[in-house]
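Colleague: Mind having a look at this structure? Questions to follow.
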Amino acid sequence: MSKGSLDAPAKPGQAQAHEVRSENVIPLQILSPEGEVVNPERLPDLSDDQLKEIMYRMVFTRTWDDRAVNLGRQGRLGFYAPVSGQEATMVGSEYALEKSDFICPGYRDMPQLVWHGLPLYQAFLYSRGHQHGGQIPEGVNVLMPQIIIGAQILHATGIAMGYKLKNEKNVVIAYTGDGGSSEGDFYEGLNFAGSFKLPAIYFVQNNGYAITTPYAKQTGAQSIAHKALAAGIRGVQVDGMDVLAVISAVKEAADIAREGGGATLIEGLTYRFRPHSMSDDATKYRTKDEEAEWALKDPIVRFGKYLEAKGLWSEEDTARVKEEAKAAVAEHIKKAEQTEKMTVPGLIDSMFEQTPPNLEQQKADFQ
Amino acid sequence: MAQMTMIEAIKDAMRVELKRDPNVVIFGEDVGHVGGVFRATEGLQAEFGENRVFDTPLAESAIGGLAVGLSVQGFRPIAEIQFVGFIFEALDQMFVQAARLRYRSGGRYNAPIVFRTPFGGGVKAAELHTDALEGLAMQTPGIKTIVPSNPYDAKGLLISAIRENDPVFFMEHLNLYRAFRDEVPEGEYTVPIGKAKVVREGKDVTIIAYGLMVHTALKAAAELEKNGVQAEVIDLRTLMPLDIETIVESIKKTNRAIVVQEAQKSAGAAAEIIAQINENAILHLEAPVLRCAPPDTVYPFAQIEDVWLPNPARIVKTVNQVLQF
């Protein structure tokens, strides 16, 4: 058993008779907050260029998030869920997968979609309520962000079953948060994955709050990773502010799934630096002390220190990526704004492959 | 031509499509080895293997979600929800996720899913096994609703539904499963979705019905004939899309209509049908279109269902109300 992981189900004959028990879980960590390697045997095998690419994506994502919050305030974006603080879980988990793998996101998981191939302007269109935002290009294996908190867990389970039936060695990853782990769909999905031994990864980004409800009120379980036990799948807890630990955990889970070893639940301990959405006030439910404590674990700072020590990154690199990201955001928001508005007749025609007569009639009112 | 009960015709439709299209898969609770609680899938797992026809854990939302995920992968899932009252557990996946997959993805993905479920009263089943929930589906954008009334239509409509690239809610009346046999062709044939059928011609009044109520309406029409009233009976077969054209054509002839449904009276299929009649045929009406339906209560399983459900006498009474308006 590797450090930080749970084997499931619990083996009979262990611990006390009659009572199911499991040990406390320790989050997998590879880098300390100072950027020093504390777990060399789990260090992912990545080239210098790959390491720089990961940093590029995290800095880009942070800058995009900063800009998106501003664009939201200007009324140029619609619904937007800020991501700062969660770059390690988002960028790292996607980076650990292959292009042919499938992503089923929750409402905050736009970065994974973009890094998996969804054009950025489509992410902006989606935010603005334009259905072309969801018109995913051929070859990009993603669904759009799911609003019903646990539904994507089940879609991932079905997609994983499809891979299994087709005998394709791809995996599916589904994301939700600590709140999502309380949904019925979460349990149904994990149970199906255990029952059919499906190639799925369920990644819970535990950022401590379901909107305002703190983790302590979310569950009485020792950890969310423990919830894998009852479903008969692997459970793993990872330091979600440590991008290398995330990559290692997801890569391991994907390798196991590809080889027919079944699903893994990964709990990443992370934090969103900003509020849940553009419309809530985090100061009402979080303290300055808590925010300051998590700021010390900033995944970009931590990974940056590691790369700087290796001579692979500098402040100038960060500044350059920020400028590139700002330019990209500007270009893509412009493209989104210039995209012709969707229409009511177009909307009506998207309901069915062939628009039925009653809807044809309703279309006439809008032409 | 073979003589089949409705349940045999439904099984035959699935066998035909499993054989024709390798992407068709069937799953649900107990549908595999045993062949379902009503034996709708009996023998199909033995014939097509466990990768095509399989049991799932008991979880309706996951059955629905599995269907959505499998459609994204190019499969054509037939998901059985064991009894109609259990669809509430699957409503998000059926009526939200499957029904809006095409819209959400701007047409990139579709959900060619058939959600099969038995429903329908008069069989003294347990609570929440029989309720007529078609109105919920009709109010949901993006999903089609089919309610066959006989073995021939059941097979042809189910084959159409399986080939349909949009999700279909396919409601099978428990009381019709083994009620009678019908001539059903072997092999492939389809009955088009969205086409009603005039099952009895008449000139005095139109009785619009679907599912078991078609047979109850025909009994009422026979009673009415004794008093010289020629009732035309329409079997809708499909509720969404609704064949308003056939209804309007009939009303042009009869100038009077009633709608019979097993679901509680308010805000259901009948209400929608009457609204569409108002929009399309108001000038052809000599009387308001009335509903013959159970009261707005919970379904009283077993004890008083026979008087709660519409019967020929109540249909005759409702017809007389529109004739005497």
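The values are calculated or read from the model by the stated rules, or taken from the named source; none is laboratory data. These numbers were taken from a predicted model, which means no experiment stands behind them. Quick reminder, even Gly has a Cβ in these numbers, built from the backbone with ideal geometry, and neighbours come from all protein chains shown. Protein only, heavy atoms only, side chains kept; ligands, DNA and RNA dropped before computing areas. Shrake-Rupley method; radii C 1.70, N 1.55, O 1.52, S 1.80 Å.
Colleague: Take the conditions assigned to a loop (DSSP other than H, G, I, E, B) and farther than 16 Å from B:Ser160 by Cα and apply them to B:Gly36. Does it pass?
Modeller: yes
Colleague: Residue by residue through the range A:122-141, note down the ones that are under 19 Å from A:Ser350 (Cα atoms) and either of a type in the set (S, T, N, Q) or in contact with a Leu (Cβ under 7 Å, 6 or more places away or on another chain) (or both).
Modeller: Selection gives A:Gln122, A:Ser127, A:Arg128, A:Gln131, A:His132, A:Gly133, A:Gln135, A:Ile136.
Colleague: In addition: Just for the range B:72-84: of the residues that are of a type outside the set (D, E, K, R) and open to solvent by 10 Å² or more (accessible area, probe 1.4 Å), which one is farthest from the other protein chains (Cβ to nearest Cβ)?
Modeller: The selected residue is B:Phe83.
Colleague: While we're here: If I ask for residues that are surrounded by fewer than 21 Cβ atoms within 10 Å (Cβ to Cβ) and either under 21 Å from the mean Cα position of the chain (by Cα) or in a strand (DSSP E or B) (or both), which ones from the range B:249-262 would you list?
Modeller: Answer for the range B:249-262, where residues must be surrounded by fewer than 21 Cβ atoms within 10 Å (Cβ to Cβ) and either under 21 Å from the mean Cα position of the chain (by Cα) or in a strand (DSSP E or B) (or both): there is none.
Colleague: A follow-up question, please. Which condition from (1) surrounded by fewer than 22 Cβ atoms within 10 Å (Cβ to Cβ); (2) over 23 Å from A:Tyr80 (Cβ atoms) is the one that A:Trp294 breaks?
Modeller: Condition (2) is where A:Trp294 drops out.
Colleague: Just the residues that are assigned to a helix (DSSP H, G or I) and among the polar types (S, T, N, Q), please, taken from the range B:42-71.
Modeller: Result: B:Gln45, B:Ser61, B:Ser71.
Colleague: Restricting the search to the range B:196-232, which residues are in a loop (DSSP other than H, G, I, E, B), without any contact (Cβ under 8 Å) to a residue 60 or more places away in the chain and closer than 22 Å to B:Ala263 by Cβ?
Modeller: The one that is in a loop (DSSP other than H, G, I, E, B), without any contact (Cβ under 8 Å) to a residue 60 or more places away in the chain and closer than 22 Å to B:Ala263 by Cβ: B:Ala196.
Colleague: Just need a number here: residues in the range B:135-160 that are within 13 Å of another protein chain (Cβ to nearest Cβ) and assigned to a helix (DSSP H, G or I).
Modeller: 2
Colleague: Take A:Gln122 and tell me if it is more than 8 Å from chain B (Cβ to nearest Cβ), closer than 28 Å to A:Ala230 by Cβ and assigned to a helix (DSSP H, G or I).
Modeller: Numbers: more than 8 Å from chain B (Cβ to nearest Cβ): yes; closer than 28 Å to A:Ala230 by Cβ: no; assigned to a helix (DSSP H, G or I): yes.
In short, no.
Colleague: Taking the range A:171-212 only, how many residues are open to solvent by 10 Å² or more (accessible area, probe 1.4 Å), at the interface with chain B (Cβ under 10 Å from one of its Cβ atoms) and of a type outside the set (Asp, Glu)?
Modeller: Number satisfying all stated conditions: 6.
Colleague: Which members of the range B:1-33 meet the condition of being away from chain A (no Cβ under 14 Å), more than 16 Å from B:Ile81 (Cβ to Cβ) and open to solvent by 30 Å² or more (accessible area, probe 1.4 Å)?
Modeller: Answer for the range B:1-33, where residues must be away from chain A (no Cβ under 14 Å), more than 16 Å from B:Ile81 (Cβ to Cβ) and open to solvent by 30 Å² or more (accessible area, probe 1.4 Å): B:Met1, B:Gln3, B:Glu8, B:Lys11, B:Arg15, B:Lys19, B:Arg20, B:His33.
Colleague: If you don't mind, there's one more thing I want to ask. Could you list, in sequence order, all residues of the range B:211-247 that are more than 16 Å from the chain's Cα centre (by Cα) and basic (Lys, Arg)?
Modeller: Of everything in the range B:211-247, those that are more than 16 Å from the chain's Cα centre (by Cα) and basic (Lys, Arg) turn out to be B:Lys219, B:Lys226.
Colleague: Moving to a separate point now. Checking the structure you have, find out if any residue of the range B:182-191 is touching a Gly at 6+ places or on another chain (Cβ under 9 Å), more than 19 Å from B:Ala79 (Cβ to Cβ) and open to solvent by 50 Å² or more (accessible area, probe 1.4 Å).
Modeller: yes
Colleague: With respect to A:Thr339, determine if the residue is of a type in the set (S, T, N, Q) and over 30 Å from the mean Cα position of the chain (by Cα).
Modeller: Spelling it out, it is not the case that A:Thr339 is of a type in the set (S, T, N, Q) and over 30 Å from the mean Cα position of the chain (by Cα).
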